[in-house]
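Q: Pasting a structure here, questions to come.
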Amino acid sequence: MPKLKFFDYNGKKISYIDYGVNDGIPVLLIHSAPGSHKWLLEKDFIAKKLGLRLIAFDRPGYGDSEYIKLNSFKELNPIVVKLLIELNISKVNLIGCSTGCAYSLAFAEEYPSKVKNVTLVSSVIPLNIKSLSSEMSKINKIPFYLVHKSPHLASKLLEVTHKLIKNKPFIYKKLLSNIQLLMSPIDKGKIRTKFAKESNFLHAAYGLQKGPNQLINEIKMLLTNWGIDFSKIDLPITFFHGLEDTLMPVSNCRQMSESLNCIEFKIIENAGHFLLDDKDIWESVLKTFVKKKQASM
């Protein structure tokens, strides 16, 4: 297993791993919410096969990274710059997943000279509490309504959830199973196996070990102006989105892609939000960077 490393940002420790092929094509993974560097770690062999160097880091407040309150997606940018300097990488490919897509776009807009390509998987979109898509499942609408209408209550509920994960994991797992019943049939099918249930629990427990504060911040940020000028992003962007995604419906994401330099919008049939749980889809996502490198030679 790759060794967990740390770098300092304004006196706070930020954790990351660097795996795959040491001198391979550099790809920076920006995880979903909640999430951590452990996302996709078990698929390291695919990166090695394709000759890629993957870098995954924990955003502040997730995993092993110390908490730094982020009030906008662009506030992560200097931390990403510091990480690239730490690794002596001048230009990188970005993969954002779900909430990580907003951070990817924020970095691409402000630091285009440091980015080769951007790939967005199961992307979030700019949201408005008054016009949440009718196609979006109730289970995804609830946290947005809660944070918007009663942030104090939302904080309390997430704090209780965090305590359950730490102290009464069996209760949390039962709640998680019940919540997952409200997802799309495709996503329910993927997470019903014993392995998937345990994996989901471990990822949530690790990602939220520092508490729910950053998750609450990010839900708020999704509901406000992102502060990203899409018209300024003149970089090749590829989208991967599941046709059956009810957490972030494909129609909304397609609309957002029309405001960006989208070179390809890949709709995956018979797939929901958790695209990268499928190793074949993960491999096809990574192959886009290999193809783009070959095309530029």
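All of the numbers you see were taken from the coordinates with simple rules; none came from a lab. Keep in mind that what you see is a predicted model, and the values were worked out from it rather than measured. So basically every Cβ, Gly included, is an ideal-geometry build from the backbone, and we count neighbours across all protein chains shown.
Q: Rank the residues I17, I85 as a footprinting-exposure proxy: fewest other Cβ atoms within 10 Å of their Cβ go first.
A: Lowest to highest Cβ neighbour count: I85, I17.
Q: Evaluate the charge dipole of the range 5-296 about its Cα centre and quote only its size in Debye, nearest 20, assuming +1 on the Cβ of each Lys and Arg and -1 on the Cβ of each Asp and Glu.
A: Working: 40 positive and 28 negative charges, 145 e Å.
Roughly 700 debye for the range 5-296.
Q: Using the per-residue mean of other Cβ atoms lying within 10 Å as a proxy for protection, in what order, highest first, do the peptides 86-97, 116-127 fall?
A: 116-127, 86-97
Q: Going by average Cβ neighbours within 10 Å, how do the peptides 52-60, 218-226 rank, with the highest at the top?
A: On the way: 52-60: 24.7, 218-226: 17.8.
In descending order of packing, they fall as 52-60, 218-226.
Q: Return a whole-number percent for the relative contact order of the range 17-170, with Cα pairs under 8 Å and 6 or more residues apart as the contact set.
A: Numbers: 202 pairs, mean separation 30.4, N = 154.
Taking the mean separation of contacting Cα pairs over the length of the range 17-170, I get 20 percent.
Q: With a ≥ b ≥ c the root eigenvalues of the C-alpha gyration tensor of the range 26-138, is it rounded (a/c under 1.5), prolate (a/b larger than b/c) or oblate?
A: prolate
Q: By per-residue mean of other Cβ atoms within 10 Å, what is the highest-first order of 142-154, 35-47?
A: Highest mean packing first, the order is 35-47, 142-154.
Q: Which whole-number percentage describes the relative contact order of the chain, with Cα contacts under 8 Å and a sequence gap of 6 or more? Walk me through the numbers on the way to the answer.
A: On the way: 530 pairs, mean separation 63.3, N = 297.
21 percent.
Q: Here's something else I'd like to know. Give me the lysines in straight-line cross-link reach of K91: C-alpha distance below 20 Å, same-chain residues under 8 apart excluded.
A: K48, K74, K82, K114, K116, K232, K287, K291, K292, K293
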